[in-house]
Amino acid sequence: MNLSIKIGKTKFPNPVTVASGTFGWKEKYYRLADVKKLGAIVPKTITLHAQKGNPPPRIHETPAGMLNAIGIENAGADAFIQEKIPMYKKLKVPLIVSVSAHSEKDFIQLIEKFNGVKGLGALELNLSCPNLKKKTLVAQDPKATHRIVKAVKKRAKMPIIAKLSPNVTDITKIAEAAEDAGADGLSMINTLAGMAIDVKTRKPVLGNVTGGLSGPAVRPVALNIVYRAAQKVNIPIIAMGGIATANDALEFLIAGASMVAVGTMNFINPSAPLEVLAGIKKYMREQKIKDIQKLIGSIRT
Amino acid sequence: MQKVQKIYKVINNKKLCQQFFHLCLKPVSAIPEIKPGQFIHIKVSQGLEPVFRRPFSVARAGKNVEVIYEVVGKGTEILSQKKPGEILDVLGPLGNSFCKPPKGVKQVVMIGGGVGVAPLLALSDVLKGRGYEMVLLYGGRIKGHTFNMRTFCKNGCKVYVATEDGSVGIKGRVDKLYTKIKANAKETFIYTCGPRPMMASVAAFARKHGVQGQVSCEEVMACGVGTCLGCAIETRSGYKTVCDDGPVFDINEIF
Ligand SMILES: Cc1cc2nc3c(=O)[nH]c(=O)nc-3n(C[C@H](O)[C@H](O)[C@H](O)COP(=O)(O)OP(=O)(O)OC[C@H]3O[C@@H](n4cnc5c(N)ncnc54)[C@H](O)[C@@H]3O)c2cc1C
Ligand SMILES: Cc1cc2nc3c(=O)[nH]c(=O)nc-3n(C[C@H](O)[C@H](O)[C@H](O)COP(=O)(O)O)c2cc1C
Ligand code: FES
């Protein structure tokens, strides 16, 4: 059975990965032998300089999902490269580093830093960052998306994946802009904008007032977005949004995604990614599908 | 994928008093040794309602793992329905633990508010018989928050209770009991867990008398293993995670 997927020049042993910001693998908690079975690992988004993150409360439970406003708390690119990359390399699982920046200049500096790191599987651009010239996110503006992806692509030694936001009118416009600019793949979806209010105090629940919705609650929305994008672009898509089971993941693969990532459900069921992988294999055996490529985009409409 | 994910069997789940339940669990396979202050992260329902696991301090650890909890919402309501023999998906033990009292300490003061008393019981289990003068100051809102403190007494603790309505012990908040603290900067050490305003009052007392101590903190949690950064708490050295850096912090780190 062939489960391998290629994005740009990087080959991933299987299509199951984890969504940025939702997976850690500290040895005191995880069985490394299991972590090594993943098709790729995507750590939390890294920015050029350390960010302290948003004031608490940062998370809130919602029906079949959660709101988060973590604020990309991270130690910055240099610390990540020095302290974390060597540990990731030992795992020998393809590493997709997620990065974000507030300007094109900072994105370029980030790329140059990561160009110096050998053996990266890919770089994922988290484009849910403010688009400085307008009051939108980069991922909400096809022109800004095109500009950033192009600038990065020109310099990057590794494949570039653009991570897109669902908070747009027409995802296909953004997806096409990223593809035109040379992206090797797309990741979707990031969280849906949302909020919650404590009626006793009439204050927003989240310290940041608003946040992003994720988890099984968003899955049908994510599936529709992935399906629509897959109709328009020819580059591989890493799909995420509420995936909890192999059945959920299969929906995304059939809709046209090449890889699937477990996000929020890692917090609830840490075994979810491996259960998803086992379930995909079982389905392929039952359906007599020898190559995952035959499954991807096999939707019958 | 996580080695801390285990199946536990419910041995017992009974009312401890009007407001609290006592849950006794048996891990189906071996788990690491549990230290006082650590917690377990329980999936209370098999479905997605509620989605998050619920964290509970370990109140006693031996052959079985015991939890004392209060029903405050849907998760704890579901937990209160569990019957002996049912199985639960549990992550744990998680988090750091209370430190040993520093050298020279003679009086160990435990200050618990409501169900926050739970990890202090686990602490008294390991500190008993070591020559400390142990004192538990317990504050509950009403009679329904008080329970038989026999286990603390058996561990050699002197127990003092205050209730806000005066139905049990002295009337008022737990700060009325601070007179029991010797407050000798070198010889007294405080451990506290309870509602934030109560812990803030303990911290103010400790600072005033130069007494050291530790607090066990709470924040809403998703992963429980330091990944999501959702349970951040502001400390003097920046944001830390309650689940992985905590739940136990130096009293001066937080207040
Ligand atoms: C490290 C740690 C140890 C804990 N140990 C114990 C324990 O030993 N015994 C015990 O009874 N409880 C303990 N808690 C609190 C317990 O986790 C919450 O009471 C529980 O998650 C509430 O779930 P629920 O679905 O019943 O309530 P929900 O429906 O989620 O909420 C009901 C109410 O409880 C409040 N609440 C929810 N989660 C928390 C929380 N984590 N901390 C404080 N308030 C909360 C909500 O704001 C709301 O007002 C601990 C929490 C932490 C973080
Ligand atoms: C707590 C939390 C933190 C997240 N952090 C990031 C992040 O740093 N970078 C990023 O690109 N996406 C981040 N995400 C979004 C996820 O990667 C994913 O796109 C989204 O949650 C949808 O998938 P899910 O429903 O399976 O969680 C985060 C999501 C959550 C819940
Ligand atoms: S609950 Fe996820 S980091 Fe603490």
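The values are calculated or read from the model by the stated rules, or taken from the named source; none is laboratory data. This one's a predicted model, so the numbers in the text were calculated from it and none came from an experiment. FYI the Cβ positions are ideal-geometry reconstructions off the backbone, even for glycines, and counts take in every protein chain you see. Surface accessibility is based on the protein's heavy atoms, side chains included, excluding ligands, DNA and RNA. Shrake-Rupley method; radii C 1.70, N 1.55, O 1.52, S 1.80 Å.
Details
- Among the residues making up the range B:71-95, those that are near ligand 1 (Cβ under 8 Å from one of its atoms), open to solvent by less than 40 Å² (accessible area, probe 1.4 Å) and either without any contact (Cβ under 8 Å) to a residue 60 or more places away in the chain or closer than 24 Å to B:Phe147 by Cβ (or both) are B:Gly73, B:Gly75, B:Thr76, B:Leu79.
- Residues in the range B:48-69 that are away from ligand 3 (no atom under 16 Å from the Cβ) and crowded, with 18+ Cβ neighbours inside 10 Å: B:Val58, B:Ala59, B:Arg60, B:Ala61, B:Val65, B:Glu66, B:Val67, B:Ile68, B:Tyr69.
- Selection from the range A:15-34 of residues that are surrounded by 21 or more Cβ atoms within 10 Å (Cβ to Cβ) and touching a helix residue (DSSP H, G or I) at 6+ places or on another chain (Cβ under 7 Å): A:Pro15, A:Val16, A:Val18, A:Thr22, A:Phe23, A:Trp25
- Leading residue by the ranking (farthest from A:Arg58 (Cα to Cα)) among those in the range B:223-255 that are within 9 Å of ligand 3 (Cβ to nearest atom) and β-branched (Val, Ile, Thr): B:Val225
- Note on the range B:28-47: among residues that are touching a Gly at 6+ places or on another chain (Cβ under 9 Å) and surrounded by 20 or more Cβ atoms within 10 Å (Cβ to Cβ), the one that is nearest to the other protein chains (Cβ to nearest Cβ) is B:His41.
- Looking only at the range B:197-254, and only at residues there that are polar (S, T, N, Q) and within 14 Å of chain A (Cβ to nearest Cβ), the one that is farthest from B:Ala183 (Cα to Cα): B:Thr227
- Count - residues of the range B:39-61 that are at pLDDT below 95 and β-branched (Val, Ile, Thr): 0
- Being farther than 21 Å from A:Asn224 by Cα and charged (D, E, K, R) holds for only one residue in A:Lys163, A:Lys154, A:Lys173, and it is A:Lys154.
- Pairs linking a residue in the range A:260-277 that is more than 8 Å from chain B (Cβ to nearest Cβ) to a residue that is of a type in the set (Phe, Trp, Tyr), with Cβ atoms under 9 Å and 6 or more positions apart or on different chains, are A:Val260/A:Phe252; A:Ala261/A:Phe23; A:Val262/A:Phe23; A:Gly263/A:Phe23.
- Scanning the range A:172-211 for residues that are of a type in the set (D, E, K, R) and in contact with a helix residue (DSSP H, G or I) (Cβ under 7 Å, 6 or more places away or on another chain), we see that the one that is least open to solvent (accessible area, probe 1.4 Å) is A:Glu176.
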